1. Nearest 10 degrees, 0 to 90: what angle lies between the long axis of helix 116-125 and the longest principal axis of the chain (Cα atoms)?
2. First check a/c for the stretch 169-233, with a ≥ b ≥ c the square roots of the eigenvalues of its C-alpha gyration tensor; if it is under 1.5, answer rounded, and if not, answer prolate when a/b is larger than b/c or oblate otherwise.
3. Quick one: angle between helix 142-151 and the longest Cα principal axis of the chain, in degrees between 0 and 90, rounded to 10, please.
4. Rounded to the nearest 20 Debye, what is the dipole magnitude of the chain about its Cα centre when Lys and Arg each give +1 and Asp and Glu each give -1 at the C-beta?
5. Could you rank the peptides 69-75, 112-118 by their average count of other C-beta atoms within 10 Å per residue, with the highest value first?
6. Please identify every one of the chymotrypsin sites (Phe, Trp or Tyr not before Pro) in the stretch 201-240 that sits in a loop by DSSP and has no more than 15 other beta carbons within 10 Å of its own beta carbon.
7. For Leu177 and Arg189 in the same chain, what is the full-extension length gain: residue separation times 0.36 nm, less their Cα-Cα distance, in nm?
8. For each pair in Lys98/Lys233; Lys53/Lys117; Lys125/Lys150; Lys53/Lys156; Lys77/Lys98, compute the distance between the two Cα atoms and list the pairs where it is over 19 Å.
Amino acid sequence: MSERKPYINKTLHFLSLVKWKSLFSIFGAIVLFCLLIILFINWRFTRSYSLSKHTSFVEDVPSSQVAIIPGAAVYGKTPSPVLSDRLECGLNLYKAGKVKKLLLSGDNGKADYNELKPMLDYMLKNGVRPEDIFVDHAGFRTLDTLIRAKEVFQVKEAIFVSQTFFLARAIYLGNHLEITLHAFECNLRTYKKESYYTWRELFARQLAWWDILWDTPPKYLGDPFPIEGSGVKTWKGSIL
């Protein structure tokens with residue numbers, strides 16, 4: 001059998017000197033610390049939501065100027081169940097007179113993917129007046145949607161329409177941005193990926209917390225376009 005090469009002997013000697021128990025203890029402490037941070041941030045979001053005004057009943061939600069309806073997946077021209085339910089809930093709020101305007105915010109960043117066209121089509125087919133629909137074509141994520149709602153559309157108070165497992169993050173971000181948000185819980189069914197969404201939110205809240213800490217800007221901002229009068233001009237360049 002040939003002799004070991006010098007670098008192999010040196011490697012084995014180094015490994016024999018490593019205090020593995022101490023190393024594993026340090027690693028375990030780091031993992032525990034990270035876990036505690038995750039749990040603490042999650043608790044902050046959950047507590048913020050528990051203290052907010054939230055309901056799943058149209059008659060119980062406070063009236064507001066606008067309902068913000070964030071986008072979700074679409075399949076071609078068909079809204080996913082998550083998005084379809086948000087649109088239905090937003091429409092119910094509008095027809096009940098709880099809001100005067102609807103702000104549709106979604107992803108229209110690719111030529112072959114458009115969340116906003118199906119959202120707009122749904123509202124128009126169900127009798128919403130065109131001038132009452134405002135479109136935010138750069139709502140790539142909740143942070144962008146809310147910053148643009150405040151800075152571009154000049155929203156100070158709104159009803160945020162989404163499923164419960166997404167709402168805590170929206171309310172927490174709204175509080176930080178000083179937007180008064182009333183959460184409307186749009187849980188019209190059991191969703192196929194509900195467990196996945198719940199787990200994803202656990203980590204999405206960590207990202208949202210860092211976004212707040214580092215004052216992350218939206219991908220796009222733009223000139224102010226207050227939510228008053230007609231919103232038809234906001235359709236151009238995004239879905240027409």
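Any read-out appearing in this document is the output of simple, stated calculations on the displayed coordinates, not a laboratory observation. None of the values given here were measured: they were computed from a predicted structure. Positions of Cβ are generated from backbone atoms using ideal geometry, with glycine treated the same way; all protein chains shown enter the neighbour counts.
1. Computed tilt is about 30 degrees.
2. The shape class here is oblate.
3. 50 degrees
4. 840 debye
5. 69-75, 112-118
6. Sparse-neighbourhood loop chymotrypsin sites (Phe, Trp or Tyr not before Pro): Trp214, Tyr220.
7. 1.2 nm
8. Violating the 19 Å limit, Cα to Cα: Lys98/Lys233; Lys53/Lys117; Lys125/Lys150; Lys77/Lys98.
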